[in-house]
Amino acid sequence: MTQSRMIGAAISLLLFSVALTACGATPVAENWPGLTVAEGMVAAISGSPQQVYLLDAKTGVQKFAFKPQGEVRGTVYWSPVTVSGELAFVGFGTLQPRAANLYAFDPNTGQELWRVPANDLILPAPTYADGVVYFGDSSGRVYAVAVESRSVKPGWPFQAKEAIWASPLVVGGRVYVSSMDHRLYCLDADTGEKLWETELGGAIAAQPTLDAARGVLYVGAFNGQVYAIRADSGEIVEGFQFKANGWIWSEVLVAEDRLYVTSLNGKLYALDPSSGAVLSPYPYDSGEIDGRKDSIRAAPIKAGELVIVATKSGRVIAVKEGQRQWYWPSGTPQASILTTPVLYEGTVYVILMNGNVQTLNAETGVPGWGFSPPGR
């Protein structure tokens with residue numbers, strides 16, 4: 001499949017149900033539901049009509065909810081929520097009329113505080129750093145909004161050649177941005193000046209991961225490859241090579257001198273960070289549970305010695321040294337999971353494509369509380 005067809009297929013995956021709902025009046029979210037856990041709170045984008053449900057992380061009890069002020073009609077798109085102290089940030093947009101904004105709201109009350117317009121839909125979560133919110137949109141623009149002034153900083157937005165589907169990574173005064181135009185960009189966090197760009201072999205829908213000890217960024221692409229790029233110069237590291245037999249949509253996990261990466265071929269890989277070689281006894285094939293082919297869009301997370309993944313079929317699987325330790329549910333899954341699980345204080349939080357939130361004990365996989373939004 002050519003890269004242009006791959007991008008087209010990805011867009012179709014995101015937008016395929018628009019035709020089914022475009023004529024309706026009830027707002028429906030077509031992108032994957034957002035899940036954020038921070039400061040004792042869960043922010044889950046779910047329900048019908050869609051809104052941000054703010055839940056107690058220990059009990060699952062709904063505390064507040066957020067939705068933009070004013071009437072909203074038609075198909076809507078949300079980004080996941082980013083929480084920083086007394087502020088929470090989320091992208092929200094509509095197709096007809098085509099409009100998008102970054103919203104700031106109070107996570108303790110759900111009250112909208114202010115908004116800043118974007119050029120197009122905001123699909124990835126905003127990134128907050130040092131009083132500035134960084135985010136990209138589907139037109140390829142990257143913004144830096146100063147929280148104090150509630151306005152876009154001078155020199156911004158930066159314009160990439162294609163859509164931004166990944167959250168910016170902000171480290172040490174630099175902003176690293178993955179783009180669907182096959183490029184990884186490095187921008188000055190203050191001025192928006194492009195410091196370097198590196199063209200890779202495929203569209204990139206995942207945030208790069210920095211291995212600070214090596215000074216290397218790792219990122220996967222739709223051509224199935226994982227790339228190692230020097231953070232200071234943008235040079236591709238020679239001698240590092242890995243390619244899966246399927247798209248890599250998720251972030252690379254750096255943990256204990258290993259890289260963990262998932263692929264749409266349903267496998268979890270452990271890689272040598274210097275060479276990209278697959279470390280035995282990996283890969284783990286998520287289809288081994290029932291013999292059916294599965295796929296993994298979500299990124300892996302680490303919980304002690306366990307690596308936990310969620311699959312398109314709707315399973316959450318814990319793996320240790322390439323061997324399955326537990327999985328949920330024990331019966332037939334009821335809905336897909338495309339959003340990366342979150343580990344918080346020994347609990348794994350997952351949100352299914354039907355909008356339900358489920359908690360699991362990270363060590364055993366035993367279910368805890370679940371949340372089903374009103375009006376689903």
**Prompt:** Could you say whether any residue in region 190-203 is closer than 18 Å to Thr127 by Cβ, crowded, with 23+ Cβ neighbours inside 10 Å and modelled with pLDDT of 95 or more?
**Reply:** no
**Prompt:** Taking region 230-242, which residues are more than 20 Å from Val278 (Cβ to Cβ) and in a strand (DSSP E or B)?
**Reply:** Arg230
**Request:** Could you list, in sequence order, all residues of region 56-72 that are within 18 Å of Arg115 (Cβ to Cβ) and not hydrophobic (A, V, I, L, M, F, W, C)?
**Result:** Lys67, Pro68, Gln69, Gly70, Glu71
**Request:** Among residues belonging to region 253-283 that are charged (D, E, K, R) and at negative phi, point out the one that is surrounded by the most Cβ atoms within 10 Å (Cβ to Cβ).
**Result:** Lys267
**Flag for Ala298 being in a loop (DSSP other than H, G, I, E, B) and at negative phi** = yes
**Asked** Are any of the residues in region 284-298 closer than 23 Å to Leu54 by Cα and surrounded by 15 or more Cβ atoms within 10 Å (Cβ to Cβ)?
**Response** yes
**Message:** I need the full set of residues from region 39-82 which are of a type in the set (Ser, Thr, Tyr) and either assigned to a strand (DSSP E or B) or touching an Asp or Glu at 6+ places or on another chain (Cβ under 7 Å) (or both), in order please.
**Reply:** Ser46, Tyr53, Thr75, Tyr77, Thr82
**Item:** Extreme residue, nearest to the chain's Cα centre (by Cα), among residues of region 243-255 that are farther than 17 Å from Ser178 by Cβ and either free of Cβ contacts under 8 Å to residues at least 12 places away in the same chain or outside any loop (DSSP other than H, G, I, E, B) (or both)
**Value:** Ala255
**Item:** Check on Asn119, surrounded by fewer than 15 Cβ atoms within 10 Å (Cβ to Cβ) and in contact with a Lys or Arg (Cβ under 9 Å, 6 or more places away or on another chain)
**Value:** no
**Test for Val357: is it closer than 28 Å to Arg214 by Cβ, within 22 Å of the chain's Cα centre (by Cα) and surrounded by 16 or more Cβ atoms within 10 Å (Cβ to Cβ)** = no
**Prompt:** What are the residues in region 166-175 that are surrounded by fewer than 24 Cβ atoms within 10 Å (Cβ to Cβ) and either among the polar types (S, T, N, Q) or within 18 Å of Tyr227 (Cα to Cα) (or both), if any?
**Reply:** Ser167, Leu169
**Complete:** Given the conditions (1) within 19 Å of the chain's Cα centre (by Cα); (2) at pLDDT 95 or above; (3) more than 27 Å from Phe242 (Cβ to Cβ), every one holds for Trp326 apart from (1)
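The values are calculated or read from the model by the stated rules, or taken from the named source; none is laboratory data. It should be emphasised that the depicted structure is a prediction, and the values quoted were computed from it without experimental measurement. Cβ: placed from backbone, ideal geometry, glycine included. Neighbour counts: every protein chain shown.
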